[in-house]
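First the structure, in the form of structure tokens, and then the observations on it.
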Amino acid sequence: MEITFEGKRALVTGAGKGIGRAIAIALAKGGAVVYALSRTQADLDSIKKESSNIKTIFVDVGDWAKCREAVEKCGPVELLVNNAGIGSNQSFLEITEGEWDSVLNINLKASVNISQVVAKGMVARKQGGAIVNISSQASMIALPKHTSYAASKAGLDQVTRMMALELGPHNIRTNCVNPGIVMTDMGREHWGGEEGKPMKERTPLKRFAEISDVVNTVLYLLSDQAAMLNGVLLPIEGGLLVT
């Protein structure tokens, strides 16, 4: 199955590192003009060297007005990946107002903000489009010290469904991927040793996801090959959720 994005314009948030960076590079290699958005200039300078198809946007998605303005300046976008996000490691009884607001702002509110801008353009052009939200298995399973993070991702799951319902009549597909532990640099640091063995053993495939596992799934959902997929929440966790 050949997937190409020639003639398409894509926006990827949180594109400076990890999964977002890999998605942006893969889209560019597939022929798309990619707007890579990050709040870290050094990361943007680095990813821009990967492909002449990559353009960069320096903005913090947590700033509603500035982010909206930056995305509007991109012009027409047919493909959107809401990947920007932050983690949280506070137990339920230790959650602070600042932590809660920060996680929900970046992981959920920003995705709504950016999707509004992009989707309004898609609707106006009447040519459809595809959106993929990067959620987490934490929206589907209870994990210690993940209350804020899990709530933000569960909210994103439901926003995905609502977007699919309301944008679908405009031929705009919205889907969601829910990765488990992914072997990014951070993933290897926290889960690559002994502390990760119990979770790995519980997973039927007996391994954690690689970045490519997530990238390939996202590319498929963005492509015309997934033309009838809309409102899907797709776990990428090796079967952990069935145990």
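Where a number appears in this text, it was derived from the coordinates with a stated rule and is not lab data. Remember, predicted model here, so these are calculated numbers, not experimental data. Here the Cβ positions follow ideal geometry from the backbone for every residue, glycine too, while neighbour counts run over all protein chains shown.
Output the relative contact order of region 31-92, whole-number percent, from Cα pairs under 8 angstrom with separation of 6+ residues. Show your work: numbers first, answer last.
On the way: 50 pairs, mean separation 16.7, N = 62.
Answer for region 31-92 is 27 percent.
Which ³J(HN,Hα) values in Hz, rounded to whole numbers, follow from the phi angles of region 101-117 under the Karplus curve 6.51 cos²θ - 1.76 cosθ + 1.60, where θ = phi - 60° and Gly and Pro get x?
Those phi angles translate into 5, 5, 5, 5, 5, 6, 7, 10, 4, 5, 5, 5, 4, 5, 5, 4, 4 Hz.
With 10 angstrom as the radius, rank CYS67, CYS74, CYS176 by how many other C-beta atoms surround their C-beta, starting from the fewest.
CYS74, CYS67, CYS176
I'd like the chymotrypsin sites (Phe, Trp or Tyr not before Pro) in region 153-243 restricted to DSSP loop residues with at most 16 other Cβ atoms within 10 Å, sorted by number.
none
Take every Cα pair under 8 Å in the chain that's 6+ residues apart, average their separations, divide by the length, and report that relative contact order as a whole percent.
Answer for the chain is 18 percent.
Using Cα pairs closer than 8 Å and at least 6 residues apart in sequence, work out the relative contact order for region 116-243, in percent. Could you put the intermediate results ahead of the total?
Values: 191 pairs, mean separation 40.0, N = 128.
It rounds to 31 percent for region 116-243.
Which three lengths, in whole Å and largest first, does the chain cover when its Cα atoms are put on their principal axes?
The principal-axis extents, from largest down, are 48, 43, 38 Å.
Return P(r) of region 181-243 (all Cα-Cα pairs; 5 Å bins starting at 0; whole %; ordered from short to long distances).
4, 17, 22, 21, 16, 11, 7, 3, 0
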